[in-house]
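Only one structure is covered here, and it is reproduced in the block below.
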Amino acid sequence: MSTTAHTIDEVQGRDEPDRVFRRYVFNNPSICSCCFRRLKANESHVRAYSGITGHDLEPKATRAVSVRAHKTGPGEIGPEGPLEGTRQVDNTAIAKYPVRTVCEDCGSIAGRADSDPLSRRKALARAETLADRLAEVGEPVQLNLLKHLVGYLKSQEDLSSYDTECFEAATTIAVREARGRR
């Protein structure tokens, strides 16, 4: 499956500026919602087939197994004997680790945004990657304006912990500004 870059007129006809960030970047499964890098490009994702000991175990690290008494001689009940009880055994040898896509840049599992707020400095760095993703869908914005807007919103005390909303608002304004110049 290949992705096609859209012309400016196609994007303008489809979405208002306030929908561009969520539709083309944040909710796009091929883009990391945390750092805005592409997940499916050869260099920017890792498929993790095994977990770290103690993490992602299914269903748990220990399980109970039946213990049967072994009888020999006359009156033997069967090859395994009667049920005596249970004992705990280590399950890590047979534990299954789900396949995960991990962003190679930020380490985000499945490209999901982190719930911890970014520092202003990290948000500014991610604004550069965001501008690249916007340009790929035909929404070239001025990087300096986008970074200024993200930096301003992240410096506001009541908005600083709302990263997604800061990026969304900055993108909306930057897209409107870029479209108004055409």
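The values are calculated or read from the model by the stated rules, or taken from the named source; none is laboratory data. Note that the structure is predicted; figures quoted are calculated from it, not measured. A quick note on method: Cβ atoms are made from the backbone with ideal geometry, for glycine too, and the neighbour counts reach across all protein chains shown. These accessible areas exclude ligands, DNA and RNA; they are computed on the full protein's heavy atoms, side chains included. Shrake-Rupley method; radii C 1.70, N 1.55, O 1.52, S 1.80 Å.
Can Val150 be described as crowded, with 23+ Cβ neighbours inside 10 Å, modelled with pLDDT under 95 and aliphatic (A, V, I, L, M)?
no
All but one of (1) under 14 Å from Cys35 (Cα atoms); (2) hydroxyl-bearing (Ser, Thr, Tyr); (3) touching a residue at least 40 places away in the same chain (Cβ under 8 Å) hold for Ser115; which doesn't?
Here Ser115 meets the rest and fails (3).
Name the pairs: first residue in the stretch 119-137 and over 20 Å from Asp15 (Cβ atoms) and of a type in the set (D, E, K, R), second residue open to solvent by less than 10 Å² (accessible area, probe 1.4 Å) and assigned to a helix (DSSP H, G or I), Cβ to Cβ under 7 Å, at least 6 apart or on different chains?
What qualifies is Arg120/Gly151.
Given the options Val102, Val141, name the one that is assigned to a strand (DSSP E or B) and either modelled with pLDDT under 95 or touching an Asp or Glu at 6+ places or on another chain (Cβ under 9 Å) (or both). Steps first, answer last, please.
Details: Val141 fails: assigned to a strand (DSSP E or B).
Testing whether each residue is assigned to a strand (DSSP E or B) and either modelled with pLDDT under 95 or touching an Asp or Glu at 6+ places or on another chain (Cβ under 9 Å) (or both) leaves just Val102.
Mind telling me which of the residues Arg176, Arg181 ends up being open to solvent by 70 Å² or more (accessible area, probe 1.4 Å) and in contact with a Pro (Cβ under 8 Å, 6 or more places away or on another chain)?
Arg176
State yes or no: is Arg181 over 16 Å from Arg38 (Cβ atoms), of a type outside the set (Phe, Trp, Tyr), at pLDDT below 95 and in contact with a strand residue (DSSP E or B) (Cβ under 8 Å, 6 or more places away or on another chain)?
no
Suppose the filter is under 18 Å from the mean Cα position of the chain (by Cα), within 17 Å of Val25 (Cβ to Cβ), surrounded by fewer than 15 Cβ atoms within 10 Å (Cβ to Cβ) and of a type outside the set (Gly, Ala, Ser); does Arg126 pass it?
On the way: under 18 Å from the mean Cα position of the chain (by Cα): yes; within 17 Å of Val25 (Cβ to Cβ): yes; surrounded by fewer than 15 Cβ atoms within 10 Å (Cβ to Cβ): no; of a type outside the set (Gly, Ala, Ser): yes.
It is false that Arg126 is under 18 Å from the mean Cα position of the chain (by Cα), within 17 Å of Val25 (Cβ to Cβ), surrounded by fewer than 15 Cβ atoms within 10 Å (Cβ to Cβ) and of a type outside the set (Gly, Ala, Ser).
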